[in-house]
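Note sheet for the following structure.
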Amino acid sequence: MKTTSKDAMKTPEGKQLRQRLLWKLLFSHIIPLVAITVVVVWLKVDRLATDYYRELLSVHKVSPLEAHRAFLDGIHHYLIWGTVIALCLSALLSYALITWTLRPLLQMSALTRQVAGGNYSERVPVASRYEGGQLATAFNEMADKLEGIEQLRKNMVADISHELRTPLTNLRGYLEALSDAVIPPTPETFRMLEQEVLRLVHLVEDLQQLAKAEAARSFLDCREISLNQLLGQIMDLYRPNFQEKELEVHWDLDPGSDRVTGDPEKLLQAIRNLADNAWKYTPAGGRVTISTRVAEGEIRTVFSNTGAGIAEQDLPVLFERFFRADRSRSRDAGGAGIGLSIVKELIEAHGGQVGAESDGNETRIWFSLPL
């Protein structure tokens, strides 16, 4: 969903920021003017009015009418000068406040043009913790996210190019060889070409699933469902695959962790990717354990599999797109490193989290859903 500037100002933080700024600008104009005017009038009336009347009546023998007129002239004289001084002081204070407030805005105006031109490296100096500083901090956070998105885009283009290059190069080589009669058109050759085409098809399908997973936040059909039933449904689907590699499957389901609220189709896709990942990377004769636990207001589901662990430095980026701890093995298995990225997008769309742990003999990939 798009968030406009009007929508942003309707948020509690936006309203609070706007109110504080309006009050500061208002006080910068009103307080000096009112304060100086009140002080001037107070001094004039309390300290000078009596002296005026006494002098005019006793010394100059001036009539009350003339004394009243002289008093008003004196009041007007002081009010005029007090107003002029108040306006000057108010203008100076307003200029200082507005300049202080607009400095980060002017800097952001210049940096916005650089960001629009593709330069995401510049940042606005945060000079205070008030409105201007908060705005500068928000701008810097936006620039950080844009820089991260741009880097992800570049990485994704490079990764997709890399994934496409290998099968396309193989296809081109075999087709040229067939065209030049360098190799005979045997069934084995056509099966090899078919495998390369299927690899391209799988890559496109993975990218489509990733795009759908990223858009899942806006299209969730949430309802109360049985998590255990979803797990059993996917494992029944993968039973032939597990039996082919003679993998042992152990279940450890907490009785209180069955009911969750979510989109069954999206959760089935996430669980299917985790089951597929466990099947691919568990060596023949190994063991896969599926467990669920309730803790701290969430239900955590863990897929554990025996076999070679994942390096500690790879765990933080395990759910990044196109990441593969073992690139050659992943490619041979037909994967492009997108499956866990899809899991991450789908689970986070439900308000959950994903994570991974690994040691030398076992890898544990988990996701949690709020109760």
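Brief remarks on what is shown
- Some residue of the range 320-328 being at pLDDT 80 or above and not β-branched (Val, Ile, Thr): no
- Checking Asp206, Asp221, Asp236 one by one, the residue that is acidic (Asp, Glu) and surrounded by 14 or more Cβ atoms within 10 Å (Cβ to Cβ) is Asp206 and no other.
- Residue tally, condition more than 33 Å from the chain's Cα centre (by Cα) and at pLDDT 90 or above, over the range 254-283: 2
- Breaking point among (1) open to solvent by 50 Å² or more (accessible area, probe 1.4 Å); (2) at pLDDT 85 or above, for Leu230: (1)
- Residue in the range 340-357 that is part of a loop (DSSP other than H, G, I, E, B), modelled with pLDDT under 85 and either open to solvent by less than 60 Å² (accessible area, probe 1.4 Å) or not hydroxyl-bearing (Ser, Thr, Tyr) (or both) present: no
- Flag if Pro167 is of a type outside the set (A, V, I, L, M, F, W, C) and open to solvent by 40 Å² or more (accessible area, probe 1.4 Å): no
- Looking at Ala181, Ala127, Ala177, just one residue is over 30 Å from Lys344 (Cβ atoms), outside any helix (DSSP H, G or I) and at pLDDT 80 or above, and that residue is Ala181.
- Residue within the range 246-264 that is polar (S, T, N, Q) and assigned to a helix (DSSP H, G or I) present: yes
- Residue within the range 285-308 that is part of a helix (DSSP H, G or I) and either without any contact (Cβ under 8 Å) to a residue 12 or more places away in the chain or not aromatic (Phe, Trp, Tyr) (or both) present: no
- Ala143 satisfies every condition listed in (1) modelled with pLDDT of 75 or more; (2) touching a Phe, Trp or Tyr at 6+ places or on another chain (Cβ under 6 Å); (3) open to solvent by 70 Å² or more (accessible area, probe 1.4 Å) except (3).
- Summed over the range 220-245, residues that are outside any helix (DSSP H, G or I) and within 24 Å of Leu318 (Cα to Cα) total 1.
The values are calculated or read from the model by the stated rules, or taken from the named source; none is laboratory data. Predicted model, so just to flag it, every value in this text is computed and none were measured. Glycine gets a Cβ as well: all are built from the backbone with ideal geometry, and neighbour counts include every protein chain shown. These accessible areas exclude ligands, DNA and RNA; they are computed on the full protein's heavy atoms, side chains included. Shrake-Rupley method; radii C 1.70, N 1.55, O 1.52, S 1.80 Å.
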